[in-house]
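*Asks:* This structure is in structure tokens; I'll ask about it shortly.
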Amino acid sequence: MISRLEGTLIRDGEHVIVDCNGVGYEVTVSAYTLAALPPSGERVTLRVYTQLRETALALFGFIDAQERDLFDLLITVKNVGPSTAIAMLSGASPGDIAALIAREDVAGLNKIKGIGKKTAELLVVELREKCELLAMTWNAGGTRPV
């Protein structure tokens with residue numbers, strides 16, 4: 001499983017390619033990560049989730065540990081796969097999404113692209129306590145503000 005890529009960044013729309021010594025890995029990223037990436041030609045390190053299906057291999061990349069941690073939680077919820085989780089993470093910062101879940105703010109979650117009412121309710125029921133813990137950990141860690 002690929003869990004981290006370090007190399008030269010090549011921007012290609014909503015996808016990015018990380019060139020690792022001549023091998024280019026196409027990685028799907030959220031708008032949050034895309035905005036934080038350096039320009040093409042610069043060095044980059046991404047945390048990666050590898051999805052292996054019968055017909056395809058897909059890589060999903062994250063600029064920081066917070067986004068990856070929340071992604072890992074989101075994909076545990078019924079009907080939320082990696083692509084849906086990336087769409088959700090494109091609608092708000094990881095800190096904002098975790099805070100909405102922790103506060104049980106279904107209406108706020110419903111405003112984020114990719115999160116319908118039923119999914120918002122499931123997120124709150126299944127992830128509220130975990131998101132409270134994540135938010136406390138992030139606030140105490142002095143990490144990248146979200």
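*Asks:* List the aspartates and glutamates whose alpha-carbon lies under 17 Å from that of Lys118, not counting same-chain residues fewer than 8 positions away?
*Replies:* Straight-distance partners of Lys118: Glu104, Asp105, Glu126.
*Asks:* Now, a different point. Taking a probe of 1.4 Å, how large is the accessible area per residue of the range 77-125, in Å²?
*Replies:* Per residue, the range 77-125 has an accessible area of 47 Å².
*Asks:* Something else now. Got a number for carbon plus sulfur as a percent of the chain's accessible area, 1.4 Å probe? List each step's numbers first, then the result.
*Replies:* On the way: 3990 of 7840 Å².
Exposed carbon and sulfur together represent 51 percent of the surface.
*Asks:* For the range 75-118, what is the Kirkwood estimate of the hydrodynamic radius, computed as the reciprocal of the mean inverse distance between distinct Cα atoms, to one decimal in Å? Let's see the in-between values first.
*Replies:* On the way: mean 1/r = 0.0957 Å⁻¹.
Final number for the Kirkwood radius of the range 75-118 is 10.4 Å.
*Asks:* Same structure again: Provide the descending list of Cα extents for the range 47-135 along its principal axes, expressed in whole angstroms.
*Replies:* Cα spread of the range 47-135 along its principal axes, largest to smallest: 37, 25, 20 Å.
*Asks:* So what is the relative contact order for the range 12-146, in percent, with contacts set as C-alpha pairs under 8 Å and at least six apart?
*Replies:* Worked out over the range 12-146, it gives 18 percent.
*Asks:* With θ taken as phi - 60° and the coefficients 6.51, -1.76 and 1.60, list the Karplus ³J(HN,Hα) couplings across the range 56-69 in order, rounded to whole Hz; mark glycine and proline as x.
*Replies:* The phi angles translate into 7, 10, 10, 10, 10, x, 9, 6, 9, 5, 4, 5, 5, 4 Hz.
*Asks:* Residue by residue through the range 18-27, what is 3J(HN,Hα) from phi via Karplus (6.51 cos²θ - 1.76 cosθ + 1.60, θ = phi - 60°)? Round to whole Hz and write x for glycine and proline.
*Replies:* Each residue's phi maps through the Karplus curve to give 10, 8, 10, 6, x, 10, x, 9, 7, 10 Hz.
*Asks:* In debye, nearest 20: dipole of the chain around its Cα centre with unit charges on the Cβ of K, R (+) and D, E (-)? Please report the intermediate quantities before stating the final value.
*Replies:* Numbers: 15 positive and 18 negative charges, 44 e Å.
So the dipole magnitude of the chain works out to roughly 200 debye.
*Asks:* Can you give the longest run of the chain that contains no GluC sites (Glu not before Pro) sitting in a DSSP loop with at most 13 other Cβ atoms inside 10 Å?
*Replies:* It works out to 55-146.
*Asks:* Counting Lys and Arg as +1 and Asp and Glu as -1, what is the net charge of the other residues whose Cβ lies under 15 Å from the Cβ of Asn110?
*Replies:* +1
The values are calculated or read from the model by the stated rules, or taken from the named source; none is laboratory data. All figures in this text were calculated on a predicted structure; none of them were measured in a lab. Glycine gets a Cβ as well: all are built from the backbone with ideal geometry, and neighbour counts include every protein chain shown. When the accessible area is computed, the model is the full protein with side chains, heavy atoms only, and any ligands, DNA or RNA have been set aside. Shrake-Rupley method; radii C 1.70, N 1.55, O 1.52, S 1.80 Å.
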